[in-house]
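The values are calculated or read from the model by the stated rules, or taken from the named source; none is laboratory data. Keep in mind it's a predicted model, so treat the numbers as computed, not measured. In this analysis, Cβ positions are derived from the backbone assuming ideal geometry, glycine residues included, and neighbour counts consider all displayed protein chains.
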Amino acid sequence: MNFLLICTFSLIIYTQCNVRIDPLVLIDQGLVRGLISSDGSYSSFLGIPYAQVDISNPFGDALPHPGFDDEVYNAHDGTKQCPQSIKTSERGRCSPQSNTSGEETLDCLRLNIYVPTNASSQNPLPVLVWIHGGIYAEGSAGNYGPENLVKQGIIVVTINYRLGPYGFMCLDVPNIAGNQGLKDQYLALRWIRDHIRAFGGNPYNVTIGGHSAGGASVLLHLYSKKEKLYNKVIAQSGVPQNLLYFVETDIYSAIKLASHLGYNATDTQGALVFLSNASHESVSRAAANMELKLRPCKERSFSGIESFIDTDPYTFSNKGKVKDTPILIGQTSKENVGSQANNGDEYYKSDPFYDNIQEYFKLNEEDLLEAAQTVRHFYIGDQPLSSDVASDLESFTSDFIYNHPVDRTVNDLLKEMAYPVYEYEFRYVGDRDIEGAPHCEELKYLFQSDDEIVQPHEQNQLMTKRITKLWSNFVKYGNPTPEDDVIFPVKWTPVSKESRPYMIIDSELKIEHRVNKERMAFWNLFYKAYGQYNKFSKRCIFK
């Protein structure tokens, strides 16, 4: 770390009067002052701007940050959020820590850096860059307490990126072709490559990790044609082939939004001028109320404009970047557990098997009925649809939305010669009486959590110790179990085309082979029969 006081990276300095001196770091933008944790174990630099939204076109490319106005930038507030584009009642379901008090603003392209006290330019530490989830509509860098991971001797960086209409409108105009939020993430990665050494980090030992939409994001970076600014990848419960995280291009979304807000929009450019002058609160609220699916998409091609994504998730290929990349990937044991709890009798009058297949596959009615019936028989046999089969429906949606996309992604990564690839299933639920670990469950142990469910009893503390050590080992070495350790009774071995070992992360750690093998075999056969009719691909066939 480049201290103004040249302190060889001893982050806490006390005078005889017990006055604390916070760290001061010099970067290209100017001087940055951080904060020291109460126990002196790490330093925080919060809310550092890495780019600026162009207010004249807040839906387009971000601008480089010009530098700080003040002599010293006090990096003390990491709560600013990009405008949230989700109904208030649905916010924060996955966040380990709430950030409800954070200001929503377009001045949000900021990051937080958390640095252990032993980092220095002579002892640069590995870096984990964390990309938050939230279905590309909510979330922020301030939702993730870093203490558990920083204690393992790695630097943690959390980033904001634009969401909803500001980050993911995919239009038929060259300056807003789509995926601005992903391009924001890339700018953050570029900033980290250029500046992290000043904070005691190794710019050439960087892991990008994310959960849910964040997991899909890190893989989209891996497959994009952009420069590879990282060495390793962690994707938790989210991949681009998950149909929640990739959408068909809606070139009329700006017109729809403007019309909803009372503007008589007839063309995209006119709608954009109106929306650029509207408040971000009204634009984001309109997108949430309209339930617009604004997420990553295949961008239209424009002369002289570099696309971030130029193909669909079933035809991604970038062997030059994927080959020899260490990857840690997996899911929880029952991603959608509890999702049927509030469904009344009216819900079961419809057919969720039919509805889900219809939403994502372009089949004629006869084939659609046959496909839905095949899936229904596999999961519930001849039982009628009712609350009695709620658990089976949760297994179906977990497999259809999360588990099989992860399984397909692992197959694709092996074809592209990613190595080593470590696969896991997180099963731990503590002393709760639920059927399996739901979506986001592992985040409560990986990051500092304010969830009352995570009580500090011995078993929970052991889980926190284990998962943070596994993940930090991967960040450091590209291997979660590089050496014998008393808290790891087994070695985590990577998958291959011939063998698919995976780590079960539960009260006991153990290795088994092929996650949900019978159910994944069923879905492989289903995609062999119907995959070419998936709405994103004409080539999605298993051979």
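A few notes on this one:
- Residues that are in contact with a helix residue (DSSP H, G or I) (Cβ under 6 Å, 6 or more places away or on another chain), under 20 Å from residue 64 (Cα atoms) and not aromatic (Phe, Trp, Tyr) within segment 164-181 comprise 167, 180, 181, listed in sequence order.
- Out of 476, 510, 491, one residue alone is closer than 23 Å to residue 399 by Cα and either within 24 Å of the chain's Cα centre (by Cα) or surrounded by fewer than 20 Cβ atoms within 10 Å (Cβ to Cβ) (or both). It is 510.
- One residue stands out among those in segment 30-60 that are modelled with pLDDT of 95 or more and of a type in the set (D, E, K, R): the one that is farthest from residue 197 (Cα to Cα), which is 54.
- Positions within segment 92-108 being at pLDDT 95 or above, hydrophobic (A, V, I, L, M, F, W, C) and surrounded by fewer than 24 Cβ atoms within 10 Å (Cβ to Cβ), in sequence order: 106
- From the options 395, 391, 386, residue that is surrounded by 20 or more Cβ atoms within 10 Å (Cβ to Cβ), in contact (Cβ under 8 Å) with a residue 24 or more places away in the chain and of a type in the set (Gly, Ala, Ser): 395
- Filtered by the rule that a residue be in contact (Cβ under 8 Å) with a residue 60 or more places away in the chain and surrounded by 17 or more Cβ atoms within 10 Å (Cβ to Cβ), segment 337-356 gives a lone residue, 337.
- Set side by side, the residues 349, 444, 362 differ, and just one is in contact with a Lys or Arg (Cβ under 6 Å, 6 or more places away or on another chain) and not acidic (Asp, Glu), which is 362.
- Where helices (runs of 4 or more DSSP H) sit wholly within segment 143-234, those with at least 1 residues that are over 29 Å from residue 424 (Cα atoms) and of a type in the set (D, E, K, R) occupy 180-195.
- Any hit, segment 360-368, residues being part of a helix (DSSP H, G or I), surrounded by 14 or more Cβ atoms within 10 Å (Cβ to Cβ), outside the structural domain of residue 501 (by TED's automatic domain parsing) and not polar (S, T, N, Q): no
- Residue tally, condition closer than 19 Å to residue 170 by Cα and either surrounded by 23 or more Cβ atoms within 10 Å (Cβ to Cβ) or of a type in the set (A, V, I, L, M, F, W, C) (or both), over segment 296-336: 8
- Residue tally, condition over 14 Å from residue 421 (Cα atoms) and either touching a residue at least 60 places away in the same chain (Cβ under 8 Å) or not aliphatic (A, V, I, L, M) (or both), over segment 492-512: 7
- Within segment 77-96, residues that are assigned to a loop (DSSP other than H, G, I, E, B) reach partners that are among the acidic types (Asp, Glu) and at pLDDT below 95 with beta carbons closer than 6 Å, at six or more positions or on different chains, in the pairs 80/103.
- Listed by first and then second residue, the pairs linking a residue in segment 301-321 that is under 14 Å from residue 180 (Cβ atoms) to a residue that is of a type in the set (Lys, Arg), with Cβ atoms under 7 Å apart and 6 or more places separating them unless they lie on different chains, are 308/183; 308/226; 309/298.
- On inspection, residue 273 passes the criterion of being in the same structural domain as residue 166 (by TED's automatic domain parsing) and without any contact (Cβ under 8 Å) to a residue 12 or more places away in the chain.
- One residue stands out among those in segment 315-333 that are modelled with pLDDT of 95 or more, of a type outside the set (A, V, I, L, M, F, W, C) and outside any strand (DSSP E or B): the one that is farthest from residue 501 (Cα to Cα), which is 321.
For (1) closer than 22 Å to residue 44 by Cβ; (2) in contact with a helix residue (DSSP H, G or I) (Cβ under 9 Å, 6 or more places away or on another chain); (3) assigned by TED's automatic domain parsing to the domain that holds residue 84, each residue gets a yes or a no:
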site: 120; (1), (2), (3): yes, no, yes
site: 129; (1), (2), (3): yes, yes, yes
site: 135; (1), (2), (3): no, yes, yes
site: 146; (1), (2), (3): yes, no, yes
site: 157; (1), (2), (3): yes, yes, yes
site: 198; (1), (2), (3): yes, no, yes
